[in-house]
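Novice: Before anything else, here's the structure in question.
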Amino acid sequence: GFYYNLVWSKDSKKLLITDNSQTLHWMDVAAGKLNKIATDAEGRFNNFKVSSWSPDNNWVTYAVDTPAKISRVYVY
């Protein structure tokens with residue numbers, strides 16, 4: 001597999017990763033632990049929009065296109 005759309009948290013301790021199976025993860029860099037956030041149910045390539053961290057690094061926002069090509073925004 002491969003990873004793309006890598007986004008570092010503001011404190012550089014966490015990393016958002018989208019992989020080729022259309023799954024969005026966050027990684028605790030110090031622990032090396034990968035945590036699943038969401039998987040694109042439609043399975044279309046590159047369907048996740050660029051994600052971002054909140055200023056306190058506790059929340060993640062991301063958007064996914066629906067089958068009607070309308071973006072839905074989620075908070076994790």
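Novice: Between (1) 12.6; (2) 13.2; (3) 14.6, which matches Kirkwood radius over Cα pairs in Å calculated for the structure shown?
Specialist: Among (1) 12.6; (2) 13.2; (3) 14.6, the one calculated here is (1).
Novice: Further, regarding this structure: In whole percent, and with a 1.4 Å probe on the protein chains, what portion of the accessible area of the chain is carbon and sulfur? It would help to have the intermediate numbers written out before the result.
Specialist: Working: 2660 of 4770 Å².
Carbon-and-sulfur percentage of accessible area, whole number: 56.
Novice: Go through the stretch 25-31 residue by residue and turn each phi into a ³J(HN,Hα) via Karplus (6.51, -1.76, 1.60, θ = phi - 60°); whole Hz please, and just put x for glycine and proline.
Specialist: For the stretch 25-31, the Karplus curve yields 10, 10, 10, 7, 5, 5, 7 Hz.
Novice: Among the lysines in the chain, how many pairs, 8 or more places apart or on different chains, have alpha carbons under 23 Å apart?
Specialist: Qualifying lysine pairs in the chain: 12.
Novice: Separate question: Among residues other than Met27 whose Cβ falls under 12 Å from its Cβ, what is the net charge (Lys/Arg +1, Asp/Glu -1)?
Specialist: On the way: positive: Lys13, Lys14, Lys33, Lys36; negative: Asp19, Asp28.
With Lys, Arg at +1 and Asp, Glu at -1, the net is +2.
Novice: Contour minus end-to-end for Asn57 and Leu6, with contour as 0.36 nm per residue of separation and end-to-end as the Cα-Cα distance?
Specialist: 16.9 nm
Novice: Report the calculated FRET efficiency for Ala30 and Val73 (r = Cβ-Cβ distance, R0 = 25 Å), to the nearest 0.05. Can you show the working numbers first?
Specialist: On the way: r = 29 Å, r/R0 = 1.15.
The value I calculate is 0.30.
Novice: Using Cα pairs closer than 8 Å and at least 6 residues apart in sequence, work out the relative contact order for the chain, in percent.
Specialist: Values: 148 pairs, mean separation 16.0, N = 76.
After rounding, I find 21 percent.
The values are calculated or read from the model by the stated rules, or taken from the named source; none is laboratory data. Just so we're clear, the structure is a prediction, and the values are computed from it rather than from any experiment. Please note: Cβ atoms are built from the backbone with ideal geometry, for glycine as well, and neighbour counts cover all protein chains shown. Side chains are part of the model used for accessible areas, which takes the heavy atoms of the whole protein and leaves out ligands, DNA and RNA. Shrake-Rupley method; radii C 1.70, N 1.55, O 1.52, S 1.80 Å.
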